[in-house]
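Colleague: Supplied in structure tokens, the structure appears directly below.
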Amino acid sequence: MKFGIIGFGKIARKFVASINATSGQVVAVGSYSLSAKDSYLQNNPAVRLYRNYDELLDDPEIQAVYIALPHAMHREWIIKALTRKIPVLCEKPAVLSGADMAEVLDEARKNDTYFLEALKTIFNEGTQKLVEDLPLIGKLEKIEANFCFDATFMKGSNSYLFDQVQGGALNDVGPYLIGFANALNKQPVVSVDSTCSKDGKIVTYFNSTVTYANGVVAILEGAIDQTKDRYALVTGEKGTIMIPMFNRITHYQINLDDKSVISRDFTINGDDMTMEIQALIDDVTQGKTQSGVYGFEAHQENAKLLEQINDSFDR
């Protein structure tokens, strides 16, 4: 499948490496600032460079598009691609509000065209196996997960992380935490309580307690101003599951109350972005308009919870 890329920053450079382990290929890049002498273009002379995103979308060879623009620009270009009936993979968070997600999904349905937020955690083989293993620990009680890293050295740069409109810890690491919790417990949210730290208007740290209708509690912690060991701990009535690096699972350990221990290990084909790319390729090739792993309803619930957590900061 032939991809065009809109925006060519750090995450797009990861994408062009990740796609090498799939059946896809990049044929065009849209960027206002990328030098024509950039090493990627020099090493891939067949890749066309467009200075206008609309022109890239009008390229008849493009079969799918990966949108890697700053968050606040996603909605506009997702919709422009969908109206042209071009399947879309958009970097997370795809949009910044539940209303915007509803608009995007309506556009995808109206045009009968595939849309997928690039929430790579969901497509990790380890995540899928973890969901299957949950019954081993009995009734689910609690999900704890953190994604904390120190990016303060990037303050003052052009990084979106410290942009007042689209930056902050919630927009950057929140989708991983929210997507993980919601994938393990597909239930309505009944309440959200949060604490946060801010640098001006930028949320640099948050700790949110999410309570679901079935009584399960998720404690989600994220930061861009401090580093912690990244892990998730899932607790059930019969034991726990410890998951190091829950956002790209290669191992987890099930510890049951009867003292038995079960270890799971996984090999990632390519890297952690490869699986979401191949999932889109496979789905579109099969004529699907949404993912069976991460469908439109899950997209809407994740966007809604991100907004609920954001709103809870001001209470």
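The values are calculated or read from the model by the stated rules, or taken from the named source; none is laboratory data. What you are looking at is a predicted structure, and each value in this text was computed from that prediction instead of being measured. Heads up, the Cβs are rebuilt from the backbone with ideal geometry, glycines too, and the neighbour counts pull from every protein chain shown.
Colleague: Which of the residues spanning segment 111-121 are aromatic (Phe, Trp, Tyr) and either in a strand (DSSP E or B) or exposed (fewer than 15 other Cβ atoms within 10 Å of the Cβ) (or both)?
Modeller: PHE115
Colleague: Among the residues of segment 282-309, write down those that are surrounded by 15 or more Cβ atoms within 10 Å (Cβ to Cβ), over 17 Å from the mean Cα position of the chain (by Cα) and not charged (D, E, K, R).
Modeller: Selection gives VAL284, THR289, GLN308.
Colleague: Here is a follow-up. Suppose we filter segment 172-208 for residues that are surrounded by fewer than 17 Cβ atoms within 10 Å (Cβ to Cβ) and more than 18 Å from GLY98 (Cα to Cα); how many remain? Step through it out loud before you land on a result.
Modeller: Let us first name the residues in segment 172-208 that are surrounded by fewer than 17 Cβ atoms within 10 Å (Cβ to Cβ), namely 186-188, 190-191, 193, 195, 197-201, 207.
Next cut, more than 18 Å from GLY98 (Cα to Cα) only: 193, 195, 197-201, 207.
Number satisfying all stated conditions: 8.
Colleague: Report whether or not ASP314 is at pLDDT 95 or above and surrounded by fewer than 19 Cβ atoms within 10 Å (Cβ to Cβ).
Modeller: Numbers: at pLDDT 95 or above: no; surrounded by fewer than 19 Cβ atoms within 10 Å (Cβ to Cβ): yes.
Considered against the rule, which asks whether it is at pLDDT 95 or above and surrounded by fewer than 19 Cβ atoms within 10 Å (Cβ to Cβ), ASP314 comes out as no.
Colleague: I've got another one for you. Filter segment 82-133 down to the residues that are closer than 19 Å to GLN278 by Cα, among the acidic types (Asp, Glu) and modelled with pLDDT of 95 or more and list them by number.
Modeller: Correct list: GLU91, GLU117.
Colleague: Restricting attention to segment 89-102, and to residues there that are not in a helix (DSSP H, G or I) and not basic (Lys, Arg), which single residue is surrounded by the fewest Cβ atoms within 10 Å (Cβ to Cβ)? Break it down stepwise before answering.
Modeller: First, the residues of segment 89-102 that are not in a helix (DSSP H, G or I): 89-97.
Subsequent filtering for residues that are not basic (Lys, Arg) retains 89-91, 93-97.
Details: LEU89: 28, CYS90: 24, GLU91: 24, PRO93: 25, ALA94: 26, VAL95: 24, LEU96: 20, SER97: 15.
The residue in question is SER97.
Colleague: Only one residue in LEU69, LEU105, LEU56 is assigned to a helix (DSSP H, G or I), under 18 Å from the mean Cα position of the chain (by Cα) and aliphatic (A, V, I, L, M), so which one is that?
Modeller: LEU105
Colleague: Out of segment 238-260, which residues are over 15 Å from ASP272 (Cα atoms) and assigned to a strand (DSSP E or B)?
Modeller: Of everything in segment 238-260, those that are over 15 Å from ASP272 (Cα atoms) and assigned to a strand (DSSP E or B) turn out to be GLY239, THR240, ILE241, MET242, ILE243, TYR252, GLN253, ILE254, ASN255, LEU256.
Colleague: Sticking with this structure for a sec: Using beta carbons and a limit of 9 Å, which pairs, at least six apart or on different chains, have the first residue in segment 122-147 and assigned to a helix (DSSP H, G or I) and the second one exposed (fewer than 14 other Cβ atoms within 10 Å of the Cβ) and at pLDDT below 95?
Modeller: So the pair list comes out as GLU125/THR267; GLU125/ASN269.
Colleague: Which condition number in (1) buried (at least 17 other Cβ atoms within 10 Å of the Cβ); (2) within 17 Å of VAL26 (Cβ to Cβ) is the one that ASN43 fails?
Modeller: Against the list (1) buried (at least 17 other Cβ atoms within 10 Å of the Cβ); (2) within 17 Å of VAL26 (Cβ to Cβ), ASN43 comes up short only on (1).
Colleague: Could you figure out which of (1) among the small types (Gly, Ala, Ser); (2) in contact with a Ser or Thr (Cβ under 7 Å, 6 or more places away or on another chain); (3) at negative phi isn't true of GLY270?
Modeller: (3)
Colleague: Same structure, new question: If the requirement is being under 25 Å from GLY167 (Cα atoms) and β-branched (Val, Ile, Thr), which of these qualifies: THR235, THR274, THR209?
Modeller: On the way: THR235 fails: under 25 Å from GLY167 (Cα atoms); THR274 fails: under 25 Å from GLY167 (Cα atoms).
Going through THR235, THR274, THR209 in turn, just one is under 25 Å from GLY167 (Cα atoms) and β-branched (Val, Ile, Thr): THR209.
Colleague: Identify, by number, the condition in (1) free of Cβ contacts under 8 Å to residues at least 24 places away in the same chain; (2) farther than 22 Å from ASN247 by Cβ; (3) assigned to a helix (DSSP H, G or I) that ASN158 doesn't meet.
Modeller: Single failed check for ASN158: (3).
Colleague: Just to verify a result, which residue in segment 14-40, among those that are in contact with an Asp or Glu (Cβ under 6 Å, 6 or more places away or on another chain) and not polar (S, T, N, Q), is surrounded by the fewest Cβ atoms within 10 Å (Cβ to Cβ)?
Modeller: In this case the residue turns out to be VAL27.
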